[in-house]
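First comes the structure, then the notes that go with it.
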Amino acid sequence: MGALPIGRGSRKGRAMDKALCFGALGVGALMMLVFLLDLIMAVPFGGGVTKGNPYLVADILGLLASGVVAYLGWNASRDLK
């Protein structure tokens, strides 16, 4: 096995940096939406804000963590300009 061939569709340098920043921003926003929907409407995982919900803390921490990831992606994309 040799080295992987680099085709025309590969990204290098600045284009790859932008793609990674916007990818992190998209993943963070998507996960924030999933955790928020689970916390408010109990849609994807059946959570919700009830007293007997054992995953309430996990929803809140997941919401905070995805917010941090989205912020870091946004902040890194601002540095690339």
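Laid out as a table, the results:
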| quantity | calculated |
| --- | --- |
| Selected residue (criterion: surrounded by the most Cβ atoms within 10 Å (Cβ to Cβ)) from residues of segment 49-81 that are β-branched (Val, Ile, Thr) and not in a helix (DSSP H, G or I) | 49 |
| Number of the condition not met by residue 8 [criteria: (1) surrounded by 16 or more Cβ atoms within 10 Å (Cβ to Cβ); (2) at pLDDT below 90] | (1) |
| Flag if residue 43 is outside any loop (DSSP other than H, G, I, E, B), of a type in the set (Val, Ile, Thr), surrounded by fewer than 16 Cβ atoms within 10 Å (Cβ to Cβ) and without any contact (Cβ under 8 Å) to a residue 12 or more places away in the chain | no |
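The values are calculated or read from the model by the stated rules, or taken from the named source; none is laboratory data. Since the structure is predicted, the reported quantities are computational estimates derived from the model, not experimental observations. Methodologically, a virtual Cβ is constructed for each residue, glycine included, from the backbone with ideal geometry; neighbour enumeration extends over all protein chains shown.
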